[in-house]
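Inspection log for the structure reproduced underneath, given as structure tokens.
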Amino acid sequence: MIDNKGTSARIRNAIIHLIVIILGLICLLPLINIVAISFSGSAAVTANKVGLLPVDFTTLAYSRIVSDSQFWRSFGISVIRVVLTLALNLVLVIPMSYAMTRKTSEFRFRNVYMNLLIFAMLFNGGMIPTYIVVKNLGLLNTIWALILPGAVPIFSVILMMNFFKGIPRALEEAAIVDGANPLQVLLHVMVPCAKPSIATISLFSVVGSWNDFFSGLIYMQKVKDYPIMTYIQSLSIDLQELVNNAASSSALENISELSNRNLNAAKIVVAVIPLLLIYPFLQKYLISGMTMGAVKE
Amino acid sequence: MKTKTLKPINNTGSQSRFFHLFVVPGMIFLLIFNYLPMFGLVMAFQDFVPAKGFFGSKFVGLKHFQYMLQLPDIGRVIRNTLIIAVGKIFFGMILAIAFAILLNEIRMKFLKSTVQTIVYLPHFLSWVVLAAVAVNLFNLDGSVNQILASIGIGKINFLGSNQVFRKLIIGTDVWKEFGYNSVVYLAAITGIDPSLHEAAAIDGASWWKRIWHITIPGMLPIIMLMTAMNLTSVLSAGFDQVYNLYSPIVYESGDVLDTYVYRIGLVGRQYSFGAAVGLARSAVATLMMVTANHLTDRLTGQRIY
């Protein structure tokens, strides 16, 4: 009987392993497919022959990207945007969330600010009024339209608040007894303690602004100002227009030489590389951020 | 637990000043980019003309809301939004929970961490990227259709058929998010006292019984919390995803509130009408969030905000 149980447990275990592996492959294979397309010859891509391995291996698409000035321009815009957004987020969110962990006895209008924060999280003006505000501020077609509207991510404020609350009060008090003012306490006691959660909100910020294409789509009127994801998004539309208008002959020659699909695939792969580079950190900090982010006020 | 701090009272004023300084810069941004647009919603009650501004445009009362209720589009858009959002929440949670339970059974460290690394990845990729991946796979001649054809099912026009488009949207979203969403459930499982499982095993409870009577009840608080949190997003069926995958052929089944507001309001420049739809959407969303917060507070003692 025990033997019997052992066998069924082994079978069950094997099935569980199999399902988990299959789910893993289902997540991985589509991503491998696009990498394979980026390294394949255009004939094979157009004929949809590419599966998991490149067909007619070529790096032509990548060498094409090297000299694609618009691609790198958009890439650069995204890099600048990510850096500025991150800096602004940290400068605004860290002091704010620290002040918000104070009691009303220490910080009299704490609840007024907190309610403003929560209401902004619960309700928003929506796409069109926000667009009009950004437009009226004269930010259209400037990089600031990509940065300023997301200057204070409220989720990050709450996450930081939860973390600060978990830091033992005694640490602060020791500094206060030594005569430190709140700014000194924040910079020399709280921030060093809060490094993991600062990493978490930083990564949220970086991933969010790198991946965002919508701000670029609505706030930038010219392709030359597009951040990288908006630029990549615009490629598929351009292809449609190209086909509809049967555009200039030089453009059509380009298509036959190198189908847009493997060129686009290569652009996508390059655009994802920055995220892959920080992926180990994403796994380390955002996963922990996810479990502590079951947000409480 | 908390020890009363002995602070000289005259110190509080200067401390407060610091805290104001900490908060005010961020608040200025919130006022400009979150609160100004809320006041801008006044345009939903106007025939807003950008050149005339909020003060110069003519007030028309509820005209746009009445118009909205008469449009056949709106019913279609709301239906699509709800079906897609509920489908994503339901199937997404089921798969994430099941995956967490299965993953917890894996003892081989290397396999476990490798699979985790892979399944978390899609969450961090933009829909711009994943839509391109999906189009490559699901177009009429794509790999998926080649496989379907070779096993005799025949080709399915995933991207261009109103019968399957919503399923594609729900399926690809579940694919993208189940790994990352399983994290909280996995954490909940590891928080369950292992002696419960041991005791049940000694009493002869089968694996299924233990999952059903120990693991799932142990996860229930977090499942309820996540359900409530997810329900708050029931009116946003995922603009980025739908926008990058849909086309006019599938507006019938795939057009959702956010894409509709974008197309009609921003692209079509019917600012006031778009703002009216947006306001209705935001109001309902806020109501749902407050309700969900009360519910989870009552049921689990945890609050969303």
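Each value in this text was obtained by applying a stated rule to the coordinates, not by laboratory testing. What you see is a predicted model; the values in this text were computed from it and never measured. Neighbour counts run over all protein chains shown; Cβ positions are idealised from the backbone, glycine included.
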Practice prompt. Apply the Karplus parameterisation 6.51 cos²θ - 1.76 cosθ + 1.60, with θ equal to phi minus 60°, to every residue of segment B:255-265 and state each ³J(HN,Hα) to the nearest whole Hz, in sequence, with x for glycine and proline.
Written response: 6, 10, 3, 5, 5, 5, 4, 4, 5, 6, x
Worksheet entry | Highest to lowest packing among A:76-85, A:166-175, A:202-211, scored as the average C-beta count within 10 Å | A:202-211, A:76-85, A:166-175
Worksheet item: Considering only Cα-Cα distances, which of the following residue pairs are longer than 27 Å: B:Lys155/B:Lys176; B:Lys63/B:Lys167; A:Lys49/A:Lys222; A:Lys284/B:Lys176; A:Lys103/A:Lys195; B:Lys167/B:Lys209?
Response: B:Lys63/B:Lys167; A:Lys49/A:Lys222; B:Lys167/B:Lys209
Item to complete: Using label points projected 7 Å from each Cα along Cα→Cβ, tell me how many nm separate B:Glu252 and B:Asp73, to one decimal.
Response: 1.8
Discussion item. If amide hydrogens are placed 1.01 Å from N in the peptide plane, which non-local residues have theirs closer than 5 Å to the one on B:Gln46?
Written reply: B:Val60
Worksheet, complete the sentence: Across B:68-81, the residue-averaged tally of Cβ atoms belonging to other chains within 10 Å stands at 0
Worksheet item: Want the number for A:Ala47 to A:Ser8: 0.36 nm per residue separation, take away the alpha-carbon distance, what's left?
Response: 9.4 nm
Discussion item. Can you list residues from other chains, or at least 5 along the same chain, whose modelled amide H is less than 5 Å from the amide H of A:Asp56?
Written reply: A:Gly41
Worksheet, complete the sentence: Shielding of B:140-149 by other chains, given as the mean Cβ count within 10 Å, works out to 2
Worksheet item: Tell me, what is the FRET efficiency for A:Ala180 and A:Phe155 to the nearest 0.05, using R0 = 22 angstrom and their Cβ-Cβ distance as r?
Response: 0.15
Worksheet item: If each residue's Cβ is checked for other Cβ atoms within 10 Å, how do B:Thr296, B:Thr291, B:Thr227, A:Thr200 rank with the fewest at the top?
Response: B:Thr291, B:Thr227, B:Thr296, A:Thr200
Item to complete: Calculate the all-directions average of the projected area of segment B:183-305's alpha-carbon convex hull, and give it in nm².
Response: 10.8
Worksheet item: Which helices count as membrane-span-like in chain A under these terms: full DSSP H, at least 27 Å along the axis by C-alpha, Kyte-Doolittle mean of -1.0 or more?
Response: A:2-38, A:69-100, A:260-281
Practice prompt. Mind giving me the nanometre distance, one decimal, between the label points for B:Met288 and B:Arg269, set 7 Å out from Cα along Cα→Cβ?
Written response: 3.3
Worksheet entry | Cα-only Debye scattering, segment B:153-195: base-10 log of I(q)/I(0) at q = 0.21, 0.29 Å⁻¹ | -0.73, -0.95
Worksheet entry | Relative packing of B:93-103, B:243-253, B:53-63, which averages over residues the other C-beta atoms within 10 Å, highest first | B:93-103, B:243-253, B:53-63
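How fast does segment B:1-155 diffuse by Stokes-Einstein, in µm²/s, taking the Kirkwood radius from C-alpha pairs at 37 °C and 0.692 mPa s?
Answer, rounded: 140 µm²/s.
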Practice prompt. Would you mind putting B:144-151, B:271-278 in packing order, based on average other-beta-carbon counts within 10 Å, highest first?
Written response: B:271-278, B:144-151
Worksheet item: Counting pairs of alpha carbon atoms under 8 Å apart in space and at least six apart in sequence, what relative contact order in percent does chain B give?
Response: 25
Worksheet item: With a 10 Å Cβ neighbour count serving as the proxy for reagent exposure, in which order, fewest first, do B:Lys209, B:Lys88 appear?
Response: B:Lys209, B:Lys88
Practice prompt. List B:Asp240, B:Asp258 from most exposed to least, where exposure is judged by having the fewest other Cβ atoms within 10 Å.
Written response: B:Asp240, B:Asp258
Worksheet entry | Relative contact order of segment B:1-131, defined on C-alpha pairs under 8 angstrom at six or more residues apart (%) | 9
Practice prompt. Hydropathy first: keep DSSP H helices in chain B averaging at least -0.5 on Kyte-Doolittle, then drop any whose Cα extent along the axis falls short of 20 Å, and list what survives.
Written response: B:9-30, B:72-105, B:165-190, B:216-231, B:271-300
Response to the item:
Output field shielding_mean for A:24-35 (other chain Cβ, 10 Å radius) holds 6
Worksheet, complete the sentence: Between B:Lys155 and A:Leu25, the FRET efficiency computed from the C-beta separation at R0 = 22 Å comes out, to the nearest 0.05, as 0.40
Worksheet item: Label A:Cys193 and A:Ser63 with points 7 Å out from Cα along Cα→Cβ: what is the distance between them in nm?
Response: 5.8
Fill in: Using alpha carbons only: equivalent-ellipsoid semi-axes of chain A, gyration tensor based, whole Å
43, 32, 16
Practice prompt. Whole Å is fine, so just give me how far the alpha carbon centre of segment B:246-305 lies from that of segment A:24-93.
Written response: 32
